[in-house]
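What follows is a single structure, written as structure tokens, with notes after it.
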Amino acid sequence: MIRNRKSVLKLLAAVSVAGIAAGMAVTASAQEKITITFANWAAAEGTTKPGIEKVIADFEAANPDIDIVSEAISFSEIARQLVLRARSGNPPDVAQIAGNDTVLLGSTGALEPLDSYVSDELAANLKSGADAGLRDKDGSLFAFPWNQSPAGFWYNKKIMEQAGLDPENPPRTIDELNEALAAIKSSQPDVIPLAIDTTNRPFALSSNWPWMQSFGAVPVGEGATGAESEEMKAYLNWMREIAQAGYIDPGRRIGEFRPLAAQGNVAFIWDQVLLKGVMQAASGMSDEEFYETWGVTTLPVGGGKATTFEGGHQLIMFSASKNKEAAWKFIEYLATSPDTIANYTTSVNSSLPSIKSTGNAELDEVLSAPVFKAFSEEIIPTLAPQPYGPEFAAAATAVMAGVQEAVTGTKPIDEIAASIQQQLPQ
Amino acid sequence: MTADVITTNARARPRARREPWLDWMVLPTLIVMAVVVGYPVVYTILLSVQDYNLLDFTPANYVGAQNYAKLAADSVFWQSLLNTAIYTFGSVGIAALLGLVLALLTENLGGARFRAVRTLLLMPWAVPFVVVAFLFRYMYLQNGGIINAVLLWAGIINDPVPWLNSAMLALPAVMVANIWAMAPFFFLLVSAALSAIPNEVIESARVDRAGTWGMIWHIKLPFLRNPLLISSLLMVISNFNDFAKIWAMTQGGPGYSTSTLVIYVYRLAFESFEFGYASAVGVIWLVMLMALAWLYMRALRMEKR
């Protein structure tokens with residue numbers, strides 16, 4: 001009995017020692033493993049979620065010492081959440097960001113300068129102008145360009161043909177556009193002749209900025225002529241005219257036009273390169289069918305010049321990150337690895353990589369597809385940086401509210417322009 | 001006997017005088033209230049006198065009444081205030097009237113029929129506000145919306161109406177969605193109040209040969225006055241803070257035509273990150289809500305009497 005009791009005690013002691021040892025081993029292994037938090041909207045959207053999850057899994061497999069915790073946050077919420085988290089000292093290590101939000105985050109001073117992480121080889125492989133607007137006053141790089149997704153003027157060749165227009169000659173000027181819109185409206189009343197985002201949000205101002213520049217208007221920023229300039233009034237007047245003629249459908253986000261475009265109910269749409277992927281996913285169109293139906297070119301011009309905006313995404317690292325090397329490794333993988341470019345950038349995200357050479361023949365073939373080629377050779381050269389920053393965000397509400405008033409109301413354009421000017425940050 | 005009463009009162013008075021103004025038992029509640037309600041209110045007031053932008057990591061500057069002076073000259077603030085008043089009082093007034101009419105019409109429906117009708121009428125109240133907003137947003141669509149489709153089919157209109165995209169129509173259109181969602185609340189409340197009217201009163205009126213209108217006007221409405229007043233005030237406070245419906249339907253647009261105070265504060269705080277100025281708007285908003293809450297408390301006291 002006593003011997004039995006001793007045996008049991010010995011067994012218990014052995015089990016305890018083994019347990020403690022195993023526990024210590026697990027703890028040590030957990031301590032060695034680095035966790036990187038990645039705030040992004042790619043995982044929050046149905047189209048891109050599988051792609052980004054695969055890329056993260058591939059990265060973790062290639063780097064067993066790094067764990068990526070993906071935090072899915074919607075596109076419209078991410079800037080707010082990141083600012084609040086940075087203020088409260090709880091930011092993620094890495095985040096996906098775009099447009100004015102990138103510069104807003106950069107202005108907080110909470111981001112890690114990335115120049116020291118970028119190798120010479122990588123810097124040389126970046127496309128010309130890919131980092132435009134991503135440097136602060138001191139020239140320090142606060143965000144790394146993940147992908148490029150400028151907007152282009154997409155035209156539906158079949159709708160143009162039905163309206164008696166030449167499908168291979170899209171409108172190049174505002175006058176030609178007006179004529180085309182009238183022809184489409186009279187021949188196909190159920191089709192939305194022109195799809196543009198007229199919501200009130202900073203993205204809408206980014207999207208409408210090239211239209212304003214097309215008329216020569218620069219409401220805010222460097223070289224601004226204000227909201228009461230003749231050019232701005234000409235733009236507002238034109239917006240009112242096309243709205244009153246029923247050529248645009250005001251109030252819709254650009255994303256709401258995409259399914260309609262996929263169904264063949266939109267003639268012209270001012271949208272990013274990702275439109276091809278979205279339309280094909282929605283309609284099941286093959287590449288061949290897609291190119292038979294859709295073409296893309298630069299924006300028609302009024303009194304100004306044809307420009308576009310960069311709707312691509314950037315990656316930022318927060319200074320508070322405790323694992324900066326691992327965070328950079330992940331950023332570099334997302335921006336440059338053939339795995340990410342094939343499974344996310346050019347596929348589900350339907351955008352262009354920010355590097356010149358992928359080092360992969362198959363990928364280079366994908367990137368030579370007509371749409372990507374048109375964007376790379378024709379549209380990207382018209383990229384014009386916008387005066388992003390806190391003032392742009394404040395101006396967005398005032399300018400887009402004015403655009404909405406012009407498009408939906410009867411208030412004289414002069415009064416609307418004066419009201420915008422009054423609301424602009426002084 | 002009289003002497004006894006006098007003696008008792010004389011003893012009671014000093015005891016009342018000795019009662020502490022603060023009972024220690026309420027202290028935990030007060031502490032919780034101070035943390036949950038007091039701190040945010042005080043902090044908002046402090047922020048409202050500072051130039052505090054969330055993007056600027058340097059300490060905030062004290063600017064005194066500057067934010068309030070800016071507010072006085074801010075046309076968007078005044079339009080938002082006007083829109084808030086129209087949206088709140090318009091929606092509550094019409095929904096209360098609608099609820100009252102529906103309750104009076106269905107009052108005498110008995111049995112399974114009444115249950116079916118009541119369930120049907122109460123359904124909008126059970127639909128989440130964001131769902132209501134999206135439901136109406138798609139119904140109002142200029143191209144493809146069912147409202148325009150029906151009106152076009154019936155020949156009432158020749159061209160689709162831009163319900164949410166017209167500066168003139170957007171606010172009434174949002175109010176219709178709000179009224180649709182809120183009227184069942186009043187219907188439920190009025191139905192309950194109607195069933196609480198003593199049968200003796202109704203019988204007496206019938207004996208006195210009161211007609212339908214006379215019965216409603218002289219008998220039922222006086223009984224419904226207090227419940228309607230209190231529920232209306234409650235709904236006014238609730239609608240004053242309504243964000244989800246307006247944001248999901250119009251985001252305050254087009255222009256500022258549906259921008260209410262809560263939308264304006266949200267844009268200032270979370271799009272421009274101007275927390276100081278947004279707090280000043282918040283303080284004014286809080287003062288107005290407190291006035292409404294005071295009215296509500298008074299109405300409650302009146303009902304008790």
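Some notes on this structure:
- Subset of region A:196-218 (residues that are aliphatic (A, V, I, L, M) and either free of Cβ contacts under 8 Å to residues at least 40 places away in the same chain or away from every other protein chain (no Cβ under 11 Å) (or both)): A:Ile196, A:Leu205, A:Met212, A:Ala217, A:Val218
- Filtered by the rule that a residue be β-branched (Val, Ile, Thr) and not in a helix (DSSP H, G or I), region B:149-206 gives B:Ile156, B:Ile157, B:Val161, B:Ile197.
- Scanning region A:169-194 for residues that are over 24 Å from A:Gln213 (Cα atoms) and touching a residue at least 24 places away in the same chain (Cβ under 8 Å) returns A:Ile184, A:Lys185, A:Ser187, A:Gln188, A:Asp190, A:Val191.
- Filtered residue count, region A:135-153, keeping only those that are in contact (Cβ under 8 Å) with a residue 12 or more places away in the chain and surrounded by fewer than 18 Cβ atoms within 10 Å (Cβ to Cβ): 2
- Between A:Pro390, A:Pro338, A:Pro353, the distinction of being crowded, with 19+ Cβ neighbours inside 10 Å and at pLDDT 90 or above belongs to A:Pro353 only.
- Taken together, the residues in region A:135-147 that are in contact with a helix residue (DSSP H, G or I) (Cβ under 6 Å, 6 or more places away or on another chain), outside any loop (DSSP other than H, G, I, E, B) and either within 14 Å of chain B (Cβ to nearest Cβ) or over 14 Å from A:Thr336 (Cα atoms) (or both) amount to 1.
- When B:Pro254 is tested against (1) within 26 Å of A:Pro390 (Cβ to Cβ); (2) not in a loop (DSSP other than H, G, I, E, B), only condition (2) is not met.
- Count of region B:276-287 residues, restricted to those that are buried (at least 21 other Cβ atoms within 10 Å of the Cβ), under 19 Å from the mean Cα position of the chain (by Cα) and hydrophobic (A, V, I, L, M, F, W, C), is 2.
Rundown of residues vs (1) within 22 Å of A:Ser207 (Cα to Cα); (2) surrounded by 15 or more Cβ atoms within 10 Å (Cβ to Cβ); (3) aromatic (Phe, Trp, Tyr), yes/no style:
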{"residue": "A:Tyr155", "(1), (2), (3)": "yes, yes, yes"}
{"residue": "A:Gly164", "(1), (2), (3)": "no, no, no"}
{"residue": "A:Thr173", "(1), (2), (3)": "yes, no, no"}
{"residue": "A:Ala180", "(1), (2), (3)": "yes, yes, no"}
{"residue": "A:Ala183", "(1), (2), (3)": "no, yes, no"}
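- Candidates A:Ala72, A:Ala43: the one that is assigned by TED's automatic domain parsing to the domain that holds A:Glu325, crowded, with 18+ Cβ neighbours inside 10 Å, among the small types (Gly, Ala, Ser) and within 18 Å of the chain's Cα centre (by Cα) is A:Ala43.
- Residue satisfying all of: in region A:356-378; surrounded by fewer than 21 Cβ atoms within 10 Å (Cβ to Cβ) and touching a strand residue (DSSP E or B) at 6+ places or on another chain (Cβ under 9 Å); nearest to A:Tyr117 (Cα to Cα) among these: A:Lys356
- The set of residues in region A:314-356 being outside any helix (DSSP H, G or I) and more than 21 Å from the chain's Cα centre (by Cα) consists of A:Ser319, A:Ala320, A:Ser321, A:Lys322, A:Asn323.
- Residue that is under 30 Å from A:Tyr235 (Cα atoms) and out of contact with any Asp or Glu (no Cβ under 9 Å at 6 or more places or on another chain), where the choices are A:Ala335, A:Ala306: A:Ala306
- Any hit, region A:375-386, residues being at the interface with chain B (Cβ under 10 Å from one of its Cβ atoms) and in contact with a Phe, Trp or Tyr (Cβ under 8 Å, 6 or more places away or on another chain): no
- Residues of region A:44-84 that turn out to be without any contact (Cβ under 8 Å) to a residue 40 or more places away in the chain, in a helix (DSSP H, G or I) and within 14 Å of chain B (Cβ to nearest Cβ), as a count: 5
- Output for region B:257-275, where each listed residue is surrounded by fewer than 21 Cβ atoms within 10 Å (Cβ to Cβ) and in a loop (DSSP other than H, G, I, E, B): B:Glu271
- Among the residues of region B:26-83, those identified as more than 13 Å from every other protein chain (Cβ to nearest Cβ), among the polar types (S, T, N, Q) and free of Cβ contacts under 8 Å to residues at least 40 places away in the same chain are B:Thr29, B:Asn61, B:Gln66.
- Beta carbons closer than 7 Å, at least 6 apart along the sequence or on distinct chains, pair a first residue in region B:257-280 that is within 11 Å of another protein chain (Cβ to nearest Cβ) and under 15 Å from B:Lys245 (Cα atoms) with a second that is aliphatic (A, V, I, L, M) and assigned to a loop (DSSP other than H, G, I, E, B) for B:Ser257/B:Ala167.
To keep it simple, each residue is scored yes or no on (1) at pLDDT 90 or above; (2) under 23 Å from A:Ala204 (Cα atoms).
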residue: A:Pro50; (1), (2): yes, no
residue: A:Glu53; (1), (2): yes, no
residue: A:Arg80; (1), (2): yes, yes
residue: A:Gln96; (1), (2): yes, yes
residue: A:Ala123; (1), (2): yes, no
residue: A:Leu126; (1), (2): yes, no
residue: A:Gly133; (1), (2): no, yes
residue: A:Asp138; (1), (2): no, no
residue: A:Leu141; (1), (2): yes, no
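Per-residue answers, yes or no, for (1) in the same structural domain as A:Ala217 (by TED's automatic domain parsing); (2) more than 17 Å from A:Thr198 (Cα to Cα); (3) touching a Gly at 6+ places or on another chain (Cβ under 7 Å); (4) in a helix (DSSP H, G or I):
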residue: A:Ser376; (1), (2), (3), (4): no, yes, no, yes
residue: A:Ile379; (1), (2), (3), (4): no, yes, yes, yes
residue: A:Ala394; (1), (2), (3), (4): yes, no, no, yes
residue: A:Val399; (1), (2), (3), (4): yes, no, no, yes
residue: A:Gln404; (1), (2), (3), (4): yes, no, yes, yes
residue: A:Thr410; (1), (2), (3), (4): yes, no, no, no
residue: A:Ile416; (1), (2), (3), (4): yes, no, yes, yes
residue: A:Ser419; (1), (2), (3), (4): yes, yes, yes, yes
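- If you check B:Val101, B:Val76, B:Val49, B:Val26 for being modelled with pLDDT of 90 or more and surrounded by fewer than 16 Cβ atoms within 10 Å (Cβ to Cβ), only one passes: B:Val101.
- Subset of region A:104-123 [touching a residue at least 12 places away in the same chain (Cβ under 8 Å) and more than 10 Å from chain B (Cβ to nearest Cβ)]: A:Leu111, A:Glu112, A:Pro113, A:Leu114, A:Asp115, A:Tyr117, A:Val118, A:Leu122
- Some residue of region A:359-374 being of a type outside the set (Phe, Trp, Tyr), over 29 Å from A:Ile36 (Cβ atoms) and within 11 Å of another protein chain (Cβ to nearest Cβ): no
- On inspection, A:Ala132 passes the criterion of being surrounded by fewer than 23 Cβ atoms within 10 Å (Cβ to Cβ), of a type outside the set (S, T, N, Q) and assigned to a loop (DSSP other than H, G, I, E, B).
- A:Ala180 passes every criterion in (1) within 14 Å of chain B (Cβ to nearest Cβ); (2) in a helix (DSSP H, G or I); (3) farther than 28 Å from A:Leu104 by Cα apart from (1).
- Boolean, B:Ser231 is part of a helix (DSSP H, G or I), under 15 Å from B:Phe77 (Cα atoms) and either touching a Leu at 6+ places or on another chain (Cβ under 6 Å) or of a type in the set (Asp, Glu) (or both): no
The values are calculated or read from the model by the stated rules, or taken from the named source; none is laboratory data. In this text, all values refer to a predicted model and were calculated from it rather than measured experimentally. Every residue, glycine among them, receives a Cβ derived from its backbone with ideal geometry; neighbour counts consider all protein chains shown.
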